[in-house]
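What follows is one structure encoded as structure tokens, with my remarks underneath.
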Amino acid sequence: QVQLVESGGGLVQPGGSLTLSCAASTSIRNFNAMAWYRQAPGKERDLVARVSSDGRTEYADSVKGRFTISRDNAENTMTLQMNGLKPEDTATYYCNARRLVQWWGKGTLVTVSS
């Protein structure tokens, strides 16, 4: 069973930065893609950013130019560097991995507030 564990969430002021990490219990080379999703209270879970096995990335329009996704195959980790955070970025952020089926982490809470 694949386990994904997120870390790095917390409280940050508007304009600040955070780095989220996702550690996998298996080699991430096995995954076709990994991604970050987020879900704010009362809203649906939405894609934030995705990185494929060949390194291609895609971002939600709302985070383009502010967030950067990356994966480290040697360390079996994926990160999300978040800069210029806004209050509307407040949500629980989930790590996702996909290969025929999907796996999810339990999430890490990011709160952007002054």
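The values are calculated or read from the model by the stated rules, or taken from the named source; none is laboratory data. Nothing here was measured: the structure is a model prediction, and the numbers come from that model. Ideal geometry is used to build each Cβ from the backbone, glycine not excepted, and the neighbour counts take in all protein chains shown. Ligands, DNA and RNA are excluded from the accessible area calculation, which covers all protein heavy atoms including side chains. Shrake-Rupley method; radii C 1.70, N 1.55, O 1.52, S 1.80 Å.
Taking the Cα-to-Cβ direction at ALA74 and at SER27 and moving 7 Å from each Cα, how far apart do the two end points lie in nm?
That separation, rounded to one decimal, is 1.6 nm.
Mind checking the log10 I(q)/I(0) for the chain at q = 0.18 Å⁻¹? Debye, one equal scatterer per Cα, no solvent, two decimals.
With no solvent term, the Cα-only Debye profile gives -0.83.
Whenever you get a sec, compute what percent of the accessible area on the chain sits on carbon and sulfur atoms (1.4 Å probe).
Here carbon and sulfur together make up 45 percent of the probe-accessible area.
Suppose each label sits 7 Å from its Cα in the direction of the beta carbon; what would the ARG99-ALA40 distance come out to in nanometres?
About 3.5 nm, to one decimal.
Provide the solvent-accessible area of ASP46, counting protein heavy atoms only and rolling a 1.4 Å probe, rounded to the nearest 10 Å².
About 80 Å², rounded to the nearest 10.
Restrict the search to the range 44-114; then list the GluC sites (Glu not before Pro) that DSSP places in a loop and that have at most 12 other Cβ atoms within 10 Å of their Cβ.
Sites meeting the loop and neighbour criteria: GLU44, GLU75.
Work out the FRET efficiency for VAL5 and SER114 from their Cβ-Cβ distance, taking R0 = 25 Å, and round it to the nearest 0.05.
0.25
Using Cα positions and a limit of under 22 Å, work out the lysines in reach of LYS86, with same-chain residues fewer than 8 apart set aside.
LYS43, LYS64
Just the number please: accessible area per residue for the range 1-65, 1.4 Å probe, all protein chains included, in Å².
In whole numbers, the range 1-65 has 57 Å² accessible per residue.
Say R0 is 25 Å: what FRET efficiency, to the nearest 0.05, do GLU58 and LYS106 get from their beta-carbon distance?
0.55
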